[in-house]
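Taking it in order: structure first as structure tokens, then the write-up.
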Amino acid sequence: MKRTVPLLITSAGGFVLIVAYFIPFTQNWGELAAIWFDILAAVAFILGGGNLLKTHLKRMSDRVRGWGYSGIVVVSFLVTLFVGLAKVGVNPSPQFTDFAWSGQYRQMGGAFWYLFQYAFTPLTATMFSLLAFYIASAAFRAFRAKNLEASLLLGTAFIILLGRTFAGVALTSWIDPAVWDGFAYFTGLRLENLTVYIMSVFNTAGNRAIMIGIALGIISTSLKILLGIDRFYLGKD
Amino acid sequence: MIEFIVTQWWLVAIVIASLIPLAMRFVSGGLLETLRTLDRRWIFLLLLWSVLIPIYFIGVTGRTFPEVPSVLARATFDEIDRLSPGDSVLMAFDYDPASEGELGPMATAFVRHAAEKKLKMYFMTLWPIGPQMIDSTIAKVITADFPELAYGRDYVNLGYKSGYEAVIKVIVTNLRELYTTDSRGTGVQEIPMMEGITNIQQMKLIVNVSAGYPGTKEWVQYAVTPFPQVRLVAGATGVQAPLLYPYVPRQLPGLLGAIKGAAEYEKLVVDAYLGANPHPKYLEALRRMGPQLVAHLLIIALIVVANVVFVIDSRGKKR
Amino acid sequence: MRRENAVWIALLLVGAAALLWRSAFTTEGMGREYVRAVPVANGQWTQYDPATYSDYQRAEAAAPGQAEYQFSLPRTLGLWLAAFFTLAIFSFLFGDNPIYKVAEAVLVGVSAAYWMVIGFWDVLVPNLVGKIWPAVVQAWAMPGLSGPEAEPSPSYIVALVLSVMLLWRLAPKGGWIARWPLAFIIGTTAGLRLIGFLHGDFLVQIRNTILPLAVIEGGVFDPWASVQNVLIVVSVLCCLVYFFFSFEHKGVVGATAKVGIWILMITFGAAFGYTVMGRIALLAIRLEFLLDDWLWLIDPTGRRMAALLTGGGLG
């Protein structure tokens, strides 16, 4: 029962969506299943937040190393949750002034907006901007043209890095029929044009092959899940 | 350039002072040995200066590099430009502040183009933080420069719904079952421009700004592929753009890749609609191409230097 | 005291002194936010829209002491907080340190709660509670809910039951109850993706690869387009041969697979180039925030034109 019913639910949910794709009469069933999925995805956010709270409260109670930072996590979590759910600092909608809760939770000037603007945005944006430094460091430490394949990779990278900026245009601007008529046949060798050809021919072909391979993998994995062959999500019991 | 160095002598002094310890290491330890054991924090510092100094230079002088739009940027532009006033366009802004550097200028340019063409804009997003990005783009372009456009008549913000690609799966056949209200809580029944709109197949074009998952790939798989009459153009991050080329042009007629794509598209919109003195907020990507160029040259130089050291060491070992 | 620590402390003191001097002792200062007070709903409350320093200066010049455009202390403090967080995250580049860890902890807490609030107000209230008890939602938070969308829909009770079962995962006992909604999530994802990938990424990609090997436009043979198409078809086939591991990569198969590897290397080189492009832009916008919004050293969008001296600089 504990494992059979979930297997049946998995198969039913999946096959309803597949059948709905082919039989217009069943389209509504597919829409309903997808909407329930959308709602469960929102509930998953609550699950994630709850799990985070549980984990960090445990770290604080066990006094593990660095539990002070867990305290900061819990405090910032609870403050954000409170100001967001309670719509702190949010005025009612101008159309419905009698309804105190009618204002938008993201309203500019509200406490939730303040946290987004001055805490969330700088923190996430700066966290991602660190990657630029690591890519430069990795390029210096790891990228070696040890063989033909690595040289091809590096050569392509150089063409793209130059061709997608003004440096590429400036370096090969001399390949111009105005300079010599014969150059009319070689304008494709200008770095910006080479970049276009590399992307539209070789990059397209390589990614298309990878895409086809991944698609086959996803199809087989999905079928294994829907047919109950792969039961990883049931856990041990 | 000379004038800049003279007037901004303090910046030059800071840069030189910060690199003196590195220069001293090269002198005392030898060039090759220092390069072999170089602390990565020196590379971080070089990258910081290679991005910061061009930003400061462009901010002070206002000079940018010229841009020549590529074929794909022009195809994206033409897809929006061929529409007629009053046509419905779904603006799907699937990104968050982490990708705003690349995608913010694209979103700004798309909305400006759509507003100039007097298209009816339906904003929505598959990312939780997307509504904030939509709010800020609307404030930056529509509220600031098109005060005659009315919310509910010319543009509407439908907001965010969770569920990743399942949202697309629903709204491609039944928009109103999922979007019962707009992002302000007004029932869709009360919004004039939602009259008669039951699904996104009725949109003349989908303009997607995508930072990852869910994004352009999902729009192609669940909206465009099963319903080929749906047309889609997209702006994607540098990480995602190469992966989308296999969809071009049958499933994705137009694609802007990374900040370069944004700069090319900005150039097209500015040349077509904004004249000789556009507001600087529409030139954000063009300004950002300056630090791009210098940083790219630095990375190429780092790779070349590292490989020269590698070759010298390999030959040394062979002997 | 170690020399490195002494150098860092000296640098931090110089930096703090420079910030103090710039904010307090220069003509235009730095790091200030201004707002425009707009009365809303017949003056019942005031909305504060963002304004620029130029707006404020123009308003003051026209009517000294006016109250419409004003300095905003909360948003100015917020701006300095954002700058602190930005520098705190950047400090990780020097090495892990407590300031970075504090910033990271704040990020984890704020983002988890942020997503929960969004899920609650944008999805659960209108699409779950609003579908089962629309009158409650209408009376409470969404008075604008109307029309057929405001009719109760009993089928959503199933979604409510599944949601409660999913939250059971947090309970100390009975975690197996969450398997039902998890199974539903896994099943629907598998069903969606099977079709999506089969159609869009497999069948249509094969269709996209069937290209004319001799391109004739308006009766004229186009050699370059033909070469491009031939290259695409051959490249896709070579890469697919490389991925076919059921045959040993020897002889003709081996040579084809080798060409496939070369095409893939070009693909990865292009991916690296674009990735670098992407990452640099993200760094650029953060540095623009520090130089423009916080330090007021540059003004590319003309928000402080009245105060900006020609050529920029420290003032």
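The values are calculated or read from the model by the stated rules, or taken from the named source; none is laboratory data. Keep in mind it's a predicted model, so treat the numbers as computed, not measured. Quick reminder, even Gly has a Cβ in these numbers, built from the backbone with ideal geometry, and neighbours come from all protein chains shown.
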Could you pull out the residue among A:Ser61, A:Ser11, A:Ser70 that is part of a helix (DSSP H, G or I) and touching a residue at least 40 places away in the same chain (Cβ under 8 Å)? A:Ser11
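Can you tell me how many residues within segment B:64-88 are without any contact (Cβ under 8 Å) to a residue 60 or more places away in the chain and either under 23 Å from A:Gly168 (Cα atoms) or not in a loop (DSSP other than H, G, I, E, B) (or both)?
Residues of segment B:64-88 without any contact (Cβ under 8 Å) to a residue 60 or more places away in the chain: B:66, B:71, B:82, B:84-86.
Keeping just the survivors that are either under 23 Å from A:Gly168 (Cα atoms) or not in a loop (DSSP other than H, G, I, E, B) (or both) gives B:66, B:71.
Residues meeting the conditions: 2.
Looking at segment A:6-20, is at least one residue touching a helix residue (DSSP H, G or I) at 6+ places or on another chain (Cβ under 6 Å) and of a type in the set (Phe, Trp, Tyr)?
For segment A:6-20, residues touching a helix residue (DSSP H, G or I) at 6+ places or on another chain (Cβ under 6 Å) and of a type in the set (Phe, Trp, Tyr): absent.
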Single residue of B:Pro291, B:Pro278, B:Pro246 found to be without any contact (Cβ under 8 Å) to a residue 24 or more places away in the chain and buried (at least 24 other Cβ atoms within 10 Å of the Cβ): B:Pro246
Looking at A:Gly217, A:Gly182, A:Gly213, which one is more than 8 Å from chain C (Cβ to nearest Cβ) and at pLDDT 95 or above? A:Gly217
Can you pull out the residues in segment B:57-77 that are surrounded by fewer than 18 Cβ atoms within 10 Å (Cβ to Cβ) and at the interface with chain C (Cβ under 9 Å from one of its Cβ atoms)? B:Thr61, B:Gly62
Select from segment A:1-29 the residues that are facing another protein chain (nearest Cβ under 7 Å) and buried (at least 23 other Cβ atoms within 10 Å of the Cβ) and write down the one among them that is nearest to B:Tyr179 (Cα to Cα). A:Leu17
Hey, among A:Phe82, A:Phe77, which residue is under 15 Å from C:Ala105 (Cα atoms) and either in a helix (DSSP H, G or I) or more than 8 Å from chain C (Cβ to nearest Cβ) (or both)? A:Phe77
So which residues in segment C:7-55 are loosely packed, with under 12 Cβ neighbours inside 10 Å, among the polar types (S, T, N, Q) and under 30 Å from A:Gly89 (Cα atoms), if there are any at all? C:Asn42, C:Gln44
Any residue that is within 8 Å of another protein chain (Cβ to nearest Cβ), crowded, with 19+ Cβ neighbours inside 10 Å and either among the hydroxyl-bearing types (Ser, Thr, Tyr) or farther than 30 Å from C:Val102 by Cβ (or both) - is there at least one of those in segment A:43-53? yes
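I'd like to check something: does segment C:49-62 contain any residue that is of a type in the set (Phe, Trp, Tyr) and touching a helix residue (DSSP H, G or I) at 6+ places or on another chain (Cβ under 9 Å)?
No.
A quick yes/no check of all residues on (1) surrounded by 17 or more Cβ atoms within 10 Å (Cβ to Cβ); (2) of a type in the set (A, V, I, L, M, F, W, C); (3) in a loop (DSSP other than H, G, I, E, B); (4) within 11 Å of another protein chain (Cβ to nearest Cβ):
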site	(1), (2), (3), (4)
A:Ala150	no, yes, no, yes
A:Gly155	no, no, no, yes
A:Gly168	yes, no, no, yes
A:Pro177	no, no, yes, no
A:Phe202	yes, yes, no, yes
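More than 31 Å from the chain's Cα centre (by Cα) and either surrounded by 15 or more Cβ atoms within 10 Å (Cβ to Cβ) or facing chain C (nearest Cβ under 8 Å) (or both): is that true of A:Gln95 in this structure? Talk me through it step by step, then tell me what you get.
Values: more than 31 Å from the chain's Cα centre (by Cα): yes; either surrounded by 15 or more Cβ atoms within 10 Å (Cβ to Cβ) or facing chain C (nearest Cβ under 8 Å) (or both): yes.
Yes; evaluated as a whole, the condition is true for this residue.
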